[in-house]
Every structure is written in C-alpha cells, then in structure tokens.
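The values are calculated or read from the model by the stated rules, or taken from the named source; none is laboratory data. Keep in mind that this is a model prediction, so the values were computed, not measured. FYI the Cβ positions are ideal-geometry reconstructions off the backbone, even for glycines, and counts take in every protein chain you see. Note: areas computed on protein heavy atoms with side chains; ligands, DNA, RNA excluded. Shrake-Rupley method; radii C 1.70, N 1.55, O 1.52, S 1.80 Å.
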Amino acid sequence: MRFHGRGLRVRIIWTTALVTLLAMAAVIGTSILALNAVTRGNVDTNLRDRFVLGSEGIKDDPRGPKVALNTPLDSVEDSTWLFDASGKQVLGPDAGRRVQRVVDDLGSVTQPTSVTKRGRVYRAGPVTIGGPDPGPGVLVVAQSLEPYQDTRAEILVGLVAMALLVTAGATGIAAWTMHRTLVPVESMASLAEHWSETDLDERFDGLGSQNEIAHLGHTLNLLLDRVAGALRGEQRLTGELAHELRTPLTGIRGEVELALMTERDPDTRARLDRVVLIVDQMSSTITTLLAIARGHDHQHNSTTVDAVLNATLDGRAAGERHVRRPAPAPGVRVGATTDIAVRALSPLVDNALHYAQDQVVLSVRDGDRTVEITVSDDGPGVDGSDSDPFAAGTKSPDSSGAGLGLALAQRVAHTLGGEVTLTSRRDPTTFTLTLPKP
C-alpha cells in the first residue's frame, strides 16, 4: 500500500494558490474601480474649476473674451472654446474633425452639460460675454484622459506583478508548511505498514503530547497493540488446534499401518493406503498451520529459489504431464526458509498437476524487491464466476480435496510478506507466488 499524502498536498497547495489569486484579483478590481472614480472626480473638478474661471473672466474682463481667455490655464492637452449666441465659434483652437464635431454639438447647449467621448471629457455651459461686444454665449472646456489612462495602465501592471508575487509567495509557504506537516505523517504511515508486516512489537517513541502528530502516533500505537493482540490470539488458537489434531492423526496413521501389516485383501489394502494418504495430507495442512502460528520467526531467514523448486517438485508424480522448470538461478533468494516457502508453492503446483492436460510450466522473475514464481497449466481454467478462488472450501466439482490448498498458500504467502494471485484464468491458467527478497 502506498500513502497518498502527495495527492492531498497537491490539492491543498493548488487550493491555496487559487484562493490567493482570486483574492488578489478582487483587490486589483477594487483598486481599478477606486482609481477610475478618483480619476473621474479629479477630471470633473479640474474642468469645473476651469469653466468657472473662464466664465468669470469672459464676463468681467472689459478687454473682451480673447484677452480674458489668453491665460496659462490651457496646456497642450487642455482646450477651451467659446461660441456666441448664434452657435458660431468665437474663440478656440482648430481641433481635429472628430473633436471639432463634438465641440460644435456642445456650442448651442442651454444648460451645463458634461460629455465623455473618444478619450476626452467635455464640459459646456451658457456664459455671459463681456467687453466691447457683450452678449450670451457658450463656453466649452475639454481635457484628455490619456495621461490618466497611461497612469492607470502602469498601476495595473504593478498590481498584477504584485498579485503574482503574493500568489507565488503564498503557494510557496503553503507547500513548505504541507511538506513539514505531511512528511512525518508519511514516515509514520510507512513505518506502521512495515511493522505490521515484519515486527508488531515496534512502536513510535518520544512523541510527547503537545501536537496532532503525537496524537496520531499514540493512535497508531494503540492500533498496533490491538492488531498484535488479535494476531497473537489467532496464532495461539491455531497452534493449539493444530497440536490437538496432530495427536489423533498420529494414532490413526499408526493403527492403519498396523492393519496394513496383517491385511492381505487387495481391496482393503487399497482403502487403507488411501486413508494413509489422506492422513498425510491432513498432517501437511496441520504443519502449515503450525508454521503460520509461529509468526514471523522465518522472516530473518533466506533460501534460494532453486532450493524451493527442488523441494516442491521432488517426489511429486506428474504422470503423463510434462513439467517444464525454469533455468537454474543460484543467486536468486527469497526471505523465508525452504520449508515454509515450499508450503506456499506446493498447493499451486498440486493444483496445476491435477488440472493440466499435457503441460505444467514454472517460471521465475527476479524483481528489485520481490521474486515472482509463476505456475501455469493448460487445463480447463478457473471459472470466471468464482469471485474468490482463494476462499477456504472453494473447489471444482470433480475435486476430492477440501478446497483448502489455495487458501493455505495465500495465508502462508501473507505470513511471509508476499501474496498469491490468479494472473490468468485460462489459456493458460496461471497462479503467481510473490515472495520478498531477504
């Protein structure tokens, strides 16, 4: 099993980045709205002040509007126009066609009017023209928004850069925090998984009691205590039952052997031989149960795969079936004694020899941390409706066994830290025994 903390870490980091980015986007949007409001307020105030000063100068200066408007109020970007009562332009610069069209439209307004078009803000209103030719008129003042827009663009670039820096910083801090937080959790999960397979007496020490990691360690310690207690209770019960069963089986075998010494009838002797065979099968099963009940004593031992294959195949009758073995591999070792490894492999070989039509093939694959021994046969295969071929009591209708072989093989493999899997149901039928390396 692999601890999936990395997926949680990535989700939290991406969530932090997204939330920070959304928050910064909201800040930028609010800042731009506020900047637009301030800019428009400044422009409107500037135009209003210029309009008031211009209208008062036109009204009060006896020299006429031309002298009154000839002041340093206008800059290169700011313009002022004066129209008489007939809508004729009296004063003002020669503007471009589009600007002049807007100004001409405003030259006949009868009340204060403000218009924004094509990057400029215009303010117009009726005024009184003094001087030698007094009379009513219309004053139009305008101001370009281009400087403000340039400033706003620069501010926007700065805000975006700041948002990216803040988002990157928040994401980096979140990544660092998650790393510091989840690395101990991953380490503890990995150790707990390793201890559950190798040494249930190991515990997390020096945890203290001031943080959540320590609480997790105490919880894992309690869980390991319960698992170890349940496993030891199961092993104790299995061992006691195996010992209780071995004694009467030994007696039965002895009685049958005595009967064989005196019995002359061939049919009776065949039945007695069958009883001896069944008793030996039960004794082998009990021996396997005892090996499981002894726990993890075998895990610090090792043997070669060749030794396991030799011990498994020696003495097994293949009949007319051809058994093809892999090439010798003296350097390939597994972390178990030969006897216990044989007890995991033997049911697979027996199963293949029972169902094969012509051929049984054994192969070995040497991995980085495990060794895989595959057993294939050309028999009818495993019915796809069988949900779990390793369940105790599962067997084919023509089988005379109890259906414990594959279940015991799986159980022994788990005891060794490995597993037995059905890798192909037919053509060929293949079971794979995976054992850890020492």
> Quick one: in segment 145-198, which of the residues that are out of contact with any helix residue (DSSP H, G or I) (no Cβ under 9 Å at 6 or more places or on another chain) and in contact (Cβ under 8 Å) with a residue 24 or more places away in the chain is nearest to Gly229 (Cα to Cα)?
Replying inline: Glu193
>> Quick check on Leu182: is it open to solvent by less than 20 Å² (accessible area, probe 1.4 Å) and over 25 Å from Gly57 (Cβ atoms)?
In response: yes
> When segment 337-367 is examined, which residues are found to be in a loop (DSSP other than H, G, I, E, B) and open to solvent by 50 Å² or more (accessible area, probe 1.4 Å)?
Replying inline: Gln357, Asp358
>> Just to be sure I understand, how many residues within segment 302-331 are part of a loop (DSSP other than H, G, I, E, B), modelled with pLDDT of 75 or more and open to solvent by 60 Å² or more (accessible area, probe 1.4 Å)?
In response: 6
> Going through segment 49-79 one residue at a time, which ones are among the charged types (D, E, K, R) and either touching a Ser or Thr at 6+ places or on another chain (Cβ under 9 Å) or modelled with pLDDT under 75 (or both)?
Replying inline: Arg50, Lys59, Asp60, Asp61, Arg63, Lys66, Asp74, Glu77, Asp78
> Of the residues that make up segment 99-116, is at least one at positive phi and either part of a loop (DSSP other than H, G, I, E, B) or surrounded by fewer than 19 Cβ atoms within 10 Å (Cβ to Cβ) (or both)?
Replying inline: no
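Every residue, every condition in (1) open to solvent by 70 Å² or more (accessible area, probe 1.4 Å); (2) modelled with pLDDT under 75; (3) under 30 Å from Met178 (Cβ atoms); (4) in contact with a helix residue (DSSP H, G or I) (Cβ under 9 Å, 6 or more places away or on another chain), yes or no:
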{"site": "Leu200", "(1), (2), (3), (4)": "no, yes, no, yes"}
{"site": "Phe204", "(1), (2), (3), (4)": "no, yes, yes, yes"}
{"site": "Ile213", "(1), (2), (3), (4)": "no, yes, yes, yes"}
{"site": "Leu222", "(1), (2), (3), (4)": "yes, no, yes, no"}
{"site": "Val227", "(1), (2), (3), (4)": "no, no, yes, yes"}
{"site": "Glu240", "(1), (2), (3), (4)": "yes, yes, no, yes"}
{"site": "Ile252", "(1), (2), (3), (4)": "yes, no, no, yes"}
{"site": "Leu260", "(1), (2), (3), (4)": "no, no, no, yes"}
>> I need the full set of residues from segment 23-43 which are open to solvent by less than 50 Å² (accessible area, probe 1.4 Å) and in contact (Cβ under 8 Å) with a residue 60 or more places away in the chain, in order please.
In response: Met24, Ile28, Ser31, Ile32, Leu35, Thr39, Val43
> Of all residues in segment 117-130, which are open to solvent by 30 Å² or more (accessible area, probe 1.4 Å), over 23 Å from Pro147 (Cβ atoms) and in contact (Cβ under 8 Å) with a residue 24 or more places away in the chain?
Replying inline: Thr128
>> Suppose we filter segment 88-118 for residues that are at pLDDT below 85 and either touching a helix residue (DSSP H, G or I) at 6+ places or on another chain (Cβ under 8 Å) or of a type in the set (Asp, Glu) (or both); how many remain?
In response: 7
